[in-house]
Amino acid sequence: MVALDMSVVNVALPDMDAGLGFDDSGLLWVVNAYALAFGGLLMLGGRLADIIGGRRTLLYGLVLFGAASLAGGLVRSPGALITARAVQGVGAAALAPVAFALITLTFPPGPARSRALGLWGMASAAGGALGVLAGGLLTDWAGWRAVMLVNVPIVLFALAGAVRWVPRTRRGDGPPPGFDLVGALLVTAGMSALVLGLVRTESAGWNSTATVGTLAAAALLLAAFVAVELRVPQPLLRIGLLAHRPVLAANLCTLLLFSGQFAAFYFTSLYLQRVLAYGPVPTGLAFLPFSAGIVVGSLAATRLVGRFGPRPLLVAGGLLGAAGFGWFGLAVDVHAGFSDSILGPSLTASVGIGLCVVPLGTAGTTGVGAAEAGMASGVLNSSRQIGGSLGLAVLATVAAQAAGGDGPAALTHGYATAYGVAGGLLLAAALVAWLLLPGSPRAADRGR
């Protein structure tokens, strides 16, 4: 649900504009408000699970997400819809890290955890791809309000399951964990400024005063956050956590992997609609091979990660994903069809990405104690969100400069160039995994 809501509204934006009367800049904030709140609060959401318990954080996040979805489906003004999307992002910032942390706390290392992480990763990765299809179908059949209201029954089902099956966590006999208020304020402000600066580059440009000032403020706030975390006794993020090579490698690979994936996903949608003239529903259906490939890759990874460890899977997945995006760059053409330019590259890239999801979760929690599971999850999810925002911002600029115009041939050339850069990012992720991760499952278990 959290991943789906990153993309489900994209296809519905024209109908939202017609129904509520957005101005040119306001419509973009239907997407950005969610991304900004989600990215800015992920670290805080992960640590909250360590402090008040995973079950309570999960329930609070579900209620907030469901209430915002219901309100968003009933709004009558552009500002109210943007506000509802921002509150959805706040709920998502609690749900994404706590779902991951609950898996690592419930299942001991081994095949059971690998299977659970495989299902989690498969749902998370496929949710983004299915969001385009769901958005197209819901908008076509029931109007744009349905893309908000569809979350309500999902939330009610998840609440019932959480109350029934998620155990209450018990704190040990030690003192209650403290709350790093200064660190929380700094990282929330810094992450929000970073995501804001990145998402605004598409409209304001990289050289604008607003962009440079926002990114500079983000750098200063995050530097101050690191300085505070090195001094407080119970930090929001223990900086030493990133000294574990598997944890560091997992976060770097996540940053690079999702920089390429998010951007390539975005350009595929634009290519289908702007160049090949697909409608909303056909565009969504064209992403089904991508979703299927992620499922296949994730299922394969759940069976293989316990035997071979994260390193071989991340290297193989990164190389396969890079090959798929490189294929995209060579195949897209003004006169190409679905089977020529989409089917083969989608399956190749998505299987590679699916192979990476499970070992990223495994490596990202190696050497992490139960008391810091939410912290590690928050960092990993933050790397994913920052990677997606950064990749989209950078590659959108690359595509625009390479295109040099608005005609179908120019757009296609720009998209092809961006695909090539996305493939390079996945190659870099494979190289990071090869250099930083231990080569065997036993060595991975010792990687601290």
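Since every read-out is calculated from the coordinates, none of them should be taken as a lab result. As the structure is a computational prediction, the values presented were derived from the model and not from experiment. All Cβ positions, glycine included, derive from the backbone under ideal geometry; neighbour counts span all protein chains shown.
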One-quarter of the Cα convex hull surface for the chain, in nm²?
-> 19.8
Ranked packing of 325-333, 346-354, most packed first, by mean Cβ within 10 Å | 346-354, 325-333
For segment 180-233, what Kirkwood radius comes out of the mean inverse Cα-Cα distance, in Å?
-> 11.4
Each label sits 7 Å from Cα toward the beta-carbon; between Asp140 and Leu270 the label points are separated, in nm, by 2.4
Once phi is turned into θ = phi - 60°, what whole-Hz ³J(HN,Hα) does the Karplus curve with 6.51, -1.76 and 1.60 give for every residue of segment 258-267, x standing for Gly and Pro?
-> 7, 4, x, 5, 4, 5, 5, 4, 4, 6
With a Förster radius of 56 Å, plug the Cβ-Cβ distance of Ser77 and Arg307 into 1/(1 + (r/R0)^6) and report the FRET value to the nearest 0.05.
-> 0.50
Given the C-alpha centroids of segment 63-102 and segment 283-357, what is the distance between them in whole angstrom?
-> 30
Which whole-Hz ³J(HN,Hα) couplings does segment 5-20 yield from phi under the Karplus relation 6.51 cos²θ - 1.76 cosθ + 1.60, θ = phi - 60°, glycine and proline marked x?
-> 6, 6, 10, 5, 7, 4, 6, 8, 4, x, 5, 4, 4, 5, x, 10
So Arg168 and Leu149, fully extended at 0.36 nm per residue minus their Cα-Cα distance, gain in nm 3.9 nm
Mean separation of Cα pairs under 8 Å and 6+ residues apart, divided by the residue count of the chain: what relative contact order is that in percent?
-> 23
Using a Förster distance of 41 angstrom, determine the FRET efficiency expected from the C-beta separation of Gln401 and Ala112, and round it to 0.05.
-> 0.25
Using the Cβ atoms and a cut-off under 14 Å, what net charge is assigned to the surroundings of Ala300, where Lys and Arg are +1 and Asp and Glu are -1?
-> +3
Rank by packing, highest mean first: peptides 422-428, 257-263, 109-115, with packing defined as the count of other Cβ atoms within 10 Å averaged across residues.
-> 257-263, 422-428, 109-115
Once both labels are modelled 7 Å past Cα along the beta-carbon direction, what's the Leu330-Thr209 spacing in nm?
-> 4.8
Using label points projected 7 Å from each Cα along Cα→Cβ, tell me how many nm separate Phe338 and Leu119, to one decimal.
-> 3.1
Given a cut-off of under 8 Å on Cα pairs at least six residues apart, what relative contact order in percent is computed for segment 180-233?
-> 48
Please list 131-138, 300-307 highest first by mean number of surrounding beta-carbon atoms within 10 Å per residue.
-> 131-138, 300-307
Only helices counted: for the chain, with every DSSP H run of 4 or more residues adding -39500 (n - 2.57) and the sum spread over all residues, [θ] at 222 nm is -26000 deg cm²/dmol
